Structure formats: C-alpha cells, structure tokens
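Enquirer: I'd like to ask you about the structure that follows.
Computed from the coordinates by the stated procedures, all read-outs in this text should not be read as laboratory data. Every value quoted in this text rests on a predicted model; they were computed, and no experiment measured them. Positions of Cβ are generated from backbone atoms using ideal geometry, with glycine treated the same way; all protein chains shown enter the neighbour counts.
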C-alpha cells in the first residue's frame with residue numbers, strides 16, 4: 001500500500017508535479033491523499049550510484065546536475081527513538097530522522113503525519129481528529145507549497161519521552177509532516193526550524209533556544225527561528241558538557257550519548273523514494289503480473305510475474321472509453337488468464353508512461369530485433385547517445401528515470417556503458433502574446449493570437465487587442481500552452497515564407513537553452529536575409545566563372561574578405577560543436593554576407609574566386625539551419641549530389657594571418673583615433689604610431705603623458721593629466 005495523490009474525477013494517481021493549488025491539473029478536482037495498492041520500481045537501490053555518476057556527465061548543464069543531486073538528496077543524520085508514554089496501535093516507540101541532532105535539546109514537542117499509524121488509531125474514536133486528517137489529505141503536497149502554507153495541527157493528548165532527558169513532550173499531528181518522507185514523524189525544534197517556529201507561534205508552544213551564532217552575533221527569536229549552524233547553549237545541567245560545541249562535535253557527542261542509551265544511530269539517507277509506477281488508466285504498457293486467487297497457502301491471494309514466453313502483455317484494442325475509468329478494469333475477458341492450469345487475472349494497472357520513455361533510445365539502435373528488448377552488440381556500438389535534447393522540466397523525471405533504467409539494462413548485460421546520454425542540451429520555452437476575456441464567474445476565456453486584432457504604438461508595442469469589436473485583456477508574453485490558447489501554428493508561417501525561414505528565425509532569435517519570443521517581425525527579418533543571400537548568389541553567378549584561387553595573387557581587400565571567410569568557418573564550427581550557440585553562428589554568417597556586399601570584387605578572376613569561397617562557405621555552414629535553400633544554392637554552383645554529403649569547410653590558418661592590425665587609440669579612455677600598424681610590430685612602434693596620430697596629438701598637446709597602455713591587437717590608451 002502507498003499514500004498517493006488521487007484525482008476523484010479522473011480516477012487516477014497524480015504525481016506531485018500534476019497537483020496545482022491542491023487540484024488535478026486536468027480535471028480541476030480537489031486532490032485527495034489515498035492509500036491504494038501500488039507497484040514500485042526500487043530506484044532507491046541505485047540512489048548512491050545515480051548521485052556519484054553525475055560526475056561522469058561534465059557535458060550536462062550544471063543546473064540539471066544540481067537538480068538531480070538535490071532530488072536524490074543524500075544526507076548524513078541520526079535516527080532517534082522516542083518512546084511513547086503508553087503504547088498506541090501496537091507501538092511502544094517511534095523513530096524520527098534528523099540531520100540536525102545538535103538541536104535535540106531544544107525539542108518541545110513531536111509532530112507526526114496525518115497518515116501516521118498513531119494518528120489513524122486515535123482517529124477511530126475521535127471524529128474531530130478524523131475530520132482534520134481528511135482535510136490534510138486534500139492539501140498541497142509539494143515541499144515548496146508545504147513550506148509556505150498555513151500551519152494546522154491538533155494535539156493528540158499523548159506524550160513521548162525525550163531520549164536523553166527522559167522528559168515528556170506532547171505529540172501533535174501537523175499538516176506539514178508527510179508520511180512518505182522519512183518515518184512520518186519529526187522532532188519539533190521551533191527555535192531552529194522555521195516551520196516549527198510558525199507552528200509554535202500559532203499554537204502557543206514553547207520555544208527553547210539551544211543554538212547560538214558561532215561568532216556571538218545577535219539572533220532575535222521574536223522575529224524568526226535561528227536556522228544556521230552555530231554552537232550549543234542551554235543544554236541543561238545534566239548535559240552542560242554539550243554547551244560550546246560546534247555542529248560537528250555536537251553531532252558526534254550526541255550520537256554517542258544516544259548510542260550508549262540504545263536510542264539512536266548515525267545513518268545515511270536519501271530523499272529519493274521508490275518509483276511508484278502504477279497508473280489506473282488505459283494508456284501505458286500493462287504491468288506484466290498475474291494476480292493469484294486466495295487459497296489455503298495464500299489467504300489474501302498473491303502476485304507472480306507473467307512468464308517470459310508470454311510477454312509482452314498487450315492492451316485490448318476493441319475498447320469503449322467512458323472518459324473516466326480504464327476499460328481494462330471492466331474487461332473480464334481480457335483479465336482472464338491461466339497459469340499451470342490455475343485461473344489467474346492480468347494486473348489492470350498500467351505502467352507510468354515514463355517507464356517506456358526511459359529506454360526508447362536504446363531500442364532505436366535495433367528496431368528490427370525480435371529476440372529480446374535490445375541487441376547488446378548494436379546497442380554497444382551506438383550508445384551512449386552523443387547528443388540529447390530535452391526540456392529542463394524533465395530534469396528529475398524522464399532524465400533521472402532514463403539514467404536509472406540504463407543502469408538496470410547494464411546490470412542485465414544489455415549495455416556496457418554507465419550513462420545513456422553523453423551530452424545534454426535543455427532547450428528553452430517558446431513565448432507568445434496572450435489575450436483573454438474576464439468572465440462573470442471569475443474564469444477567463446483565452447483567445448489565440450491569430451484570431452485577435454491588435455493595436456500597436458509607434459514603436460510596434462501592442463497596446464490593445466480585440467476580437468469582433470470586443471476589447472480583450474492583455475495576458476502578456478508567456479509560455480505557449482493549451483491552457484492559454486496562445487500556441488502559434490508554424491505551418492502558416494511555413495506556407496507564407498517557407499520552412500527555411502521559420503527554422504532560421506527559431507535558431508537566430510535566442511540561444512537554444514533560453515526562452516524564445518515568437519515574433520512575426522522576426523520571421524520577416526529572417527525571410528529578408530534569405531532573399532538577400534539568394535540575390536547575392538545569383539548576382540555572383542551572373543558575373544562569370546571565377547579563376548582557381550591563388551592566395552599569393554590577392555589584393556589587400558581580397559585578403560581581408562578571405563580572412564573574414566575563414567574566421568567565420570572557425571567561429572561557426574566552434575559555435576555549432578562546442579558552444580552550441582546557433583544564434584551566434586548565424587550572426588557570424590550574416591556578418592560575412594555583409595562583408596561580401598561591401599568588398600566583393602567582380603572585376604577579376606581572383607576577386608570572383610574569393611567571393612565564390614565566401615558565398616559557398618556561407619551556404620555550407622548554414623545548411624544545418626536552412627537545408628532547402630542551401631541545397632539549391634549549392635547545386636547552382638555546379639556541385640552534384642546533396643549538400644548534406646559535402647565536406648564541412650576547413651579553416652586555412654594562413655588566411656587568418658593579418659599583415660596589419662588596426663588599433664583603436666584612446667586618450668583618458670575616450671576614442672580619439674585609429675592607426676594601422678604591421679601585425680608583428682613591437683609595442684614601442686605601436687605606441688609611436690598612436691602618438692603620431694594627428695587627432696591624438698591635438699588632445700595631448702600641452703599635457704603630461706603619465707602612461708601609455710597597449711592591449712595587443714586591440715587598443716592603445718594614453719593617460720594624460
């Protein structure tokens with residue numbers, strides 16, 4: 001049995017992430033906390049390795065690695081036993097787990113979860129408590145929401161015995177304690193835990209300070225709890241040997257005292273819980289288990305895996321969906337099965353769909369393999385995946401489950417590598433304007449931007465919106481979503497401007513890991529650039545055939561354009577490969593095309609050769625972003641075959657060598673001139689050229705030159721007074 005989030009309308013389990021403001025994300029129904037039979041995958045057996053092997057993923061975003069570390073949540077703490085004054089529900093004691101045993105002397109009560117066995121036992125004879133527990137089952141369950149929500153609780157009237165002082169402390173049921181985190185019980189230290197502090201303030205419970213700032217600073221417990229680590233104080237006469245100890249020494253000292261009394265032990269725990277994979281719905285792979293009927297040997301029935309030769313278990317296809325219940329739960333023919341002459345039933349829960357998405361990439365390596373899940377030989381050839389692209393919203397869902405599943409496959413001999421994805425790129429969200437009408441009942445009706453008439457100011461900013469003459473409210477620029485009806489169908493832009501235009505806009509508008517704001521003006525700008533590239537190419541072809549390129553015969557202007565070409569190759573190659581910043585790669589190509597427009601020489605064969613190299617380079621390096629126009633332009637140069645089969649352009653290091661460098665000259669940090677000097681000129685010659693500049697002399701005449709600063713290859717700054 002497991003306590004789950006239950007949507008009473010959709011009749012299914014919801015993940016914490018699918019509960020929004022206490023309601024189901026799809027149905028809007030108040031979510032209940034419910035205990036039902038569940039199947040689990042024991043991901044906790046891999047918690048330590050999932051944590052440590054993150055170090056094998058240097059090419060994953062640090063944010064994702066940090067999110068997984070926090071979710072796995074390895075911590076060193078102590079399990080502490082609190083005896084009950086009198087047994088309840090067959091229990092004579094219960095455990096709490098804490099990473100802050102240094103605060104043990106400040107415990108003024110103990111809080112237990114609403115689903116704790118003690119609470120449930122008491123609720124059977126206490127209607128008020130039963131009602132409170134029901135309320136707790138309908139509240140938000142995410143840690144972020146629980147930290148800030150109103151604190152509610154009830155005194156059970158029971159007492160627990162402090163493990164060191166033997167003093168009695170009351171036992172409360174608190175709504176911010178969950179049964180599925182730790183043991184479902186926490187020691188309350190209101191002076192040093194903010195949630196306990198707020199609870200104590202509301203219910204008038206004692207607050208006892210036992211930790212003081214290490215450097216003697218003031219801490220005002222009238223305002224908030226002091227939650228930092230410090231030194232122990234107020235430990236009591238019998239335990240004054242603890243006063244003055246810092247956290248580490250107090251941890252060890254209290255651990256010894258608890259151990260000697262048989263009341264505690266040091267342990268390592270993980271925040272990660274086993275993966276509940278049961279879903280009460282039709283879509284998803286059936287869980288391959290048979291349910292056995294009750295018998296003398298198994299009075300409550302039992303479960304047994306479906307034999308290997310009868311896998312996979314397939315869903316029935318002739319079903320009637322009623323929008324609420326899973327049809328296989330009522331399909332008695334599908335449920336019926338036989339095992340060794342005994343009647344059994346198929347399990348009617350299906351796997352969480354993350355189960356299938358956790359290993360699909362491995363199946364891609366051998367889609368025609370029929371003798372098992374995957375062909376180990378082909379999987380080892382292709383895996384790990386070199387580059388994986390996925391949203392950061394799956395950092396602790398799909399991406400964590402896939403890492404776990406991969407390790408399962410490794411341990412079963414299906415793959416050899418430890419991790420599924422070598423490199424990870426988390427793409428950003430696409431944003432768009434949103435518009436709505438406020439309804440009388442407080443709800444909102446959202447309208448798609450394509451249906452809305454906009455009013456804009458002189459700068460193009462949207463100032464108003466209407467539909468059929470009715471004014472709408474501006475919802476602002478927000479993530480495209482079904483709920484706000486602000487999704488933009490790119491097909492309309494593709495129909496008007498072509499797929500390449502939409503691809504170019506998407507790549508150029510923002511780095512891939514950042515949000516992208518959809519803009520019709522941006523799409524039009526991308527279209528204009530592609531038209532310009534097309535026109536320049538056609539004009540170049542019309543100018544005639546170029547000579548074979550001979551770098552030694554080039555003029556200074558031709559060398560400068562060729563240098564720009566190879567600088568572009570170098571930058572774009574790095575942007576695509578190492579940096580994965582496609583927007584800056586496209587910007588570099590745009591700069592190159594600007595240089596072609598300004599400096600192309602079509603009066604000579606060598607001039608045409610330099611221009612041909614520049615345009616061909618632009619077409620080649622743009623091909624991953626705009627493949628269709630690039631392919632056509634590539635063939636217009638007389639090349640055969642597909643541009644996708646063409647070799648990537650290589651940098652000619654000799655072309656990058658500059659005969660001269662232009663230095664910016666500043667006087668007291670302000671631009672006063674530019675000078676051209678030989679690329680290999682020593683610093684004294686660079687200084688001399690800068691000081692010889694007529695405009696620089698005008699701004700330094702009659703002043704004392706204090707210092708001349710030369711930044712090699714870039715600028716000269718003359719400091720005067």
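Enquirer: Given a Förster distance of 51 angstrom, what is the FRET efficiency for residue 36 paired with residue 587, based on the Cβ-Cβ distance and rounded to 0.05? Intermediate values should be presented prior to the final figure.
Expert: On the way: r = 55 Å, r/R0 = 1.08.
That pair, residue 36 with residue 587, gives E of 0.40.
Enquirer: Given (1) 297; (2) 207; (3) 283, which label gives volume of the Cα convex hull per residue in Å³ as computed from the coordinates?
Expert: Only one option fits the structure, namely (1).
Enquirer: Which residues among the range 421-443 fall inside the zone where the amide N is under 20 Å from a point 7 Å beyond the Cα of residue 578, along Cα→Cβ?
Expert: The answer is 422-426.
Enquirer: Within the range 681-711, name every residue whose backbone N is under 14 Å away from a label modeled 7 Å from Cα of residue 668 along the Cβ vector.
Expert: Zone members listed by number: 698-707.
Enquirer: Can you list the residues of the range 457-479 with backbone N under 12 Å from a point 7 Å past the Cα of residue 445, pointing along Cα to Cβ?
Expert: Correct set: 467-468, 470-472.
Enquirer: Next question, about the same structure. Among DSSP bridges having both ends in the chain, what percentage is antiparallel? Round to the nearest 5. Write down the numbers at each step before the final one.
Expert: Details: 86 of 98 bridges.
Around 90 percent of the beta bridges assigned by DSSP in the chain are antiparallel ones.
Enquirer: Distance in nm between label sites at residue 246 and residue 324, each 7 Å beyond Cα in the beta-carbon direction?
Expert: Distance between the two pseudo-spin positions: 6.3 nm.
Enquirer: Helix-only estimate, please: 222 nm mean residue ellipticity of the chain, summing -39500 (n - 2.57) across DSSP H runs of length 4 or more and dividing by its residues, to the nearest 500.
Expert: One gets -9000 deg cm²/dmol as the mean residue ellipticity at 222 nm.
Enquirer: Run the simple label-point estimate for residue 705 and residue 531 please: 7 Å along Cα→C-beta, distance reported in nm.
Expert: The modelled label-to-label distance comes out at 5.3 nm.
Enquirer: Taking Cα centroids, how far is the range 6-81 from the range 597-630 in Å?
Expert: If you average the Cα positions of each part, the centres end up 53 Å apart.
Enquirer: On to the next question. If one takes the longest principal axis of the Cα atoms in the chain, at what angle in degrees, from 0 to 90 and to the nearest 10, does the Cα axis of helix 605-622 lie?
Expert: With rounding to tens, the tilt is 10 degrees.
Enquirer: Here is a further query. Taking the Cα centre of each part, how many Å lie between the range 454-475 and the range 363-433?
Expert: Comparing the Cα centres of the range 454-475 and the range 363-433, I get a distance of 45 Å.
Enquirer: Next up: Just grab the label-to-label distance for residue 694 and residue 311, each label 7 Å out from Cα along the Cβ direction, in nm (one decimal).
Expert: Inter-label distance under the simple model: 8.6 nm.
Enquirer: Round to the nearest 0.05 the FRET efficiency obtained for residue 67 and residue 478 when R0 = 30 Å and r is the Cβ-Cβ distance.
Expert: 0.85
Enquirer: Next up: Tell me, what is the FRET efficiency for residue 300 and residue 639 to the nearest 0.05, using R0 = 60 angstrom and their Cβ-Cβ distance as r?
Expert: 0.20
Enquirer: Further question on the same structure: Please give the helix 62-72 orientation as an angle from the longest Cα principal axis of the chain, in degrees from 0 to 90, rounded to the nearest 10.
Expert: On a 0 to 90 degree scale, this one is about 10.
Enquirer: How much length, in nm to one decimal, is gained on full extension between residue 455 and residue 180, taken as 0.36 nm per residue of separation minus their Cα-Cα distance?
Expert: This chain segment gains 93.7 nm when fully extended.
Enquirer: Sticking with this structure for a sec: Rounded to the nearest 5, what is the percent of antiparallel bridges among the DSSP beta bridges in the range 660-720? Before the final figure, lay out each step's value.
Expert: On the way: 14 of 18 bridges.
So the antiparallel bridges in the range 660-720 amount to around 80 percent.
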